[in-house]
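The values are calculated or read from the model by the stated rules, or taken from the named source; none is laboratory data. Predicted model, so just to flag it, every value in this text is computed and none were measured. Counting neighbours? That spans all protein chains shown, and the Cβs are built from the backbone with ideal geometry, glycine included. The protein model used for the area step is the full one, side chains on, heavy atoms only, and it has no ligands, DNA or RNA in it. Shrake-Rupley method; radii C 1.70, N 1.55, O 1.52, S 1.80 Å.
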Amino acid sequence: MNTEIYTTIVASIAACFSALASWLIWSQQKRVALDSIRPDLILDGWTFVDKNNMVGEIQVNSLRNVGRGPALSIRAFLNIRQGWHIHEPDAPFSAYMIQEPLHILPSGEKIGIDSKGMFSWKYRAGDLWVIGLDLKLLYWDIQSNRYETIYYLIAIKDNTSMGGAQLLAPGLYLASRSTRIKGRKRLVVESQINALVGRIKKLIWPKNLVAKNKSVEPT
């Protein structure tokens with residue numbers, strides 16, 4: 001093999017490894033920087049009440065930040081978990097959360113809250129009085145990264161035991177808890193894309209509406 005070609009190949013391989021090493025170092029530094037400001041919220045003090053055999057009520061009375069940074073603009077949401085069957089589509093509602101937004105919770109602190117989640121038992125799996133719920137905490141860190149901590153809850157009537165899940169209160173179990181992070185730059189890009197899509201829809205929608213009206217006009 002020509003010496004010049006061999007030298008070029010070796011130099012290219014060395015450059016690739018150098019770039020890879022630089023990227024790994026940058027990724028590690030970014031992860032360490034994020035961990036140093038990352039909040040992590042934990043809900044405590046669970047109670048569960050079956051009201052009039054029609055509505056279930058979940059209550060939480062305390063919130064802790066076990067992360068390394070403050071949590072900002074904290075909000076809570078309750079929804080029926082995707083994939084659970086709708087038993088009766090005429091149910092008055094599916095699920096909702098009553099929780100005043102919290103502006104800040106510093107690292108290492110715990111506060112008392114009066115948070116209530118309500119859901120309709122008419123949304124359940126077949127004839128079983130069991131339902132899956134997502135209780136989501138949405139909050140930000142000091143660098144505008146967004147966090148979604150999701151509690152996958154399972155509510156069961158008649159206090160039936162459920163193996164493999166953590167008991168939070170009689171009739172209420174925690175199947176899993178996870179946190180997803182969206183960086184500031186990604187949120188900005190998604191916001192710009194959504195705004196662009198909205199403008200496009202406004203331009204296209206009237207034309208589609210006119211075309212639809214013309215297609216159903218009597219002859």
Worksheet item: Roughly how much of Ile37 is accessible, in Å² to the nearest 10, using a 1.4 Å probe?
Response: 20 Å²
Worksheet, complete the sentence: Placing each pseudo-label 7 Å from Cα in the direction of the beta carbon, Thr7 and Leu138 end up separated by a distance in nanometres of 6.0 nm
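Based on the Cβ-Cβ distance from Ala165 to Asn52, what FRET efficiency comes out when R0 is 35 Å, to the nearest 0.05?
For R0 = 35 Å, the calculated efficiency reads 0.85.
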Worksheet entry | Sequence of Ile5, Ile131, Ile111 when ordered by accessible area, the most exposed leading, probe 1.4 angstrom | Ile5, Ile111, Ile131
